[in-house]
Amino acid sequence: MEIILGSQSPRRRELMAGLDLPFTAVSIDADESFPADLKAGDIPYYISRAKARAYEPQLKDDQLLITSDTIVWLDGRMLGKPHDETEAVAMLKALCNKTHQVYTAVTIAQKGQDLETFVDCTDVTFGPLTDEEIAYYVATYQPLDKAGAYGVQEWIGYVACTEMKGSYFNVMGFPVHKVYQALKKRGL
């Protein structure tokens, strides 16, 4: 069975490679909009499945597709990828001295089978950050491609993440422990 990772994320590709399973990474062009009434983990669940459906017609009998989506959920609202540095700064200021949730959904697709989707959630607490520290992080690490405007594996995770309940790798955007178990169930 050929495993296809439908992701442009270098972090997801790195984490998938850590499972020591051969795979091919592809980019998927999918509509990532979602119904306005969705909340928390339902959002990445919906988007991950949309990505899988967008690629599904190309799947061959001997292929398995994995898609994923991650959001940050803070005070009843979603923080996706910031559109610019100003929005990144605002997101990081909002995360200071609070606990937020990181939701990642993973969808597995095989030709002729129903989609399998699961969601993982990790609680992350940030301590205080000064305006100067936030400006340094945004300028140095360019977090515009990251949900919530941060990568926990980067400098900001070292200095601001004071507590975490759940999977660290989920916060990076790919709950590899759950992916591994799902692939193991399928005999891969």
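Quick check: from the Cα gyration tensor, does segment 111-158 come out rounded (a/c under 1.5), prolate or oblate? It is prolate, given that a/c is not under 1.5 and a/b is the larger ratio. Pop a pseudo-label 7 angstrom from the Cα along the beta-carbon direction at both ASP123 and ALA17 and give the gap in nm to one decimal. So the label points at ASP123 and ALA17 sit 3.5 nm apart.
The residues of segment 5-163 expose, per residue, 48 Å² of accessible area to a 1.4 Å probe. Classify segment 54-113 from the C-alpha gyration tensor, please: rounded if a/c falls under 1.5, else prolate or oblate depending on whether a/b exceeds b/c. Taking the square roots of the gyration eigenvalues as a ≥ b ≥ c, segment 54-113 is prolate. With contacts taken as Cα pairs under 8 Å at a separation of at least 6 residues, the chain carries a relative contact order of 22 percent. Rounded to 0.05, the FRET efficiency of the ALA36 and GLU154 pair, given R0 = 30 Å and the Cβ-Cβ distance, is 0.45. Considering only alpha-carbon pairs that sit under 8 angstrom and 6 or more positions apart, the relative contact order computed for segment 96-167 is 34 percent. Once the Cα atoms are used to define both axes, helix 176-185 deviates from the longest principal axis of the chain by about 10 degrees. Which label marks the calculated value of Rg and Dmax of the Cα atoms in Å, given the options (i) 14.7, 50; (ii) 17.9, 57; (iii) 16.7, 53? Of the listed options (i) 14.7, 50; (ii) 17.9, 57; (iii) 16.7, 53, (iii) comes from this structure.
Of the beta bridges in the chain, as assigned by DSSP with both residues counted there, near 75 percent are antiparallel. Peptides 150-161, 44-55 ranked from most to least packed, by the mean per-residue count of other Cβ atoms within 10 Å: 44-55, 150-161. If I compute solvent accessible area with a 1.4 Å probe over the protein chains, what percent of it on the chain is carbon and sulfur? So the carbon and sulfur contribution to the accessible surface is 49 percent. Projected onto planes of every orientation and averaged, the convex hull of the alpha-carbon atoms in segment 1-83 covers 6.4 nm². For the chain, the longest principal axis of the alpha carbon atoms and the long axis of helix 42-55 meet at an angle near 40°. The dipole here belongs to segment 14-115: it is taken about the Cα centre, uses +1 on the Cβ of Lys and Arg and -1 on the Cβ of Asp and Glu, and is about 240 debye. The Cβ shell under 11 Å around ASP145 holds other residues with a net charge of +3, Lys and Arg each +1, Asp and Glu each -1.
Quick one: net charge around ASP131, please, counting Lys, Arg +1 and Asp, Glu -1 for every other residue with C-beta under 14 Å from its C-beta. Surrounding charge for ASP131 is -2.
The values are calculated or read from the model by the stated rules, or taken from the named source; none is laboratory data. Treat the numbers as computed from the prediction; the structure is a model and nothing was measured. Quick reminder, even Gly has a Cβ in these numbers, built from the backbone with ideal geometry, and neighbours come from all protein chains shown. In case anyone asks, the SASA skips ligands and DNA or RNA and just uses the protein heavy atoms, side chains included. Shrake-Rupley method; radii C 1.70, N 1.55, O 1.52, S 1.80 Å.
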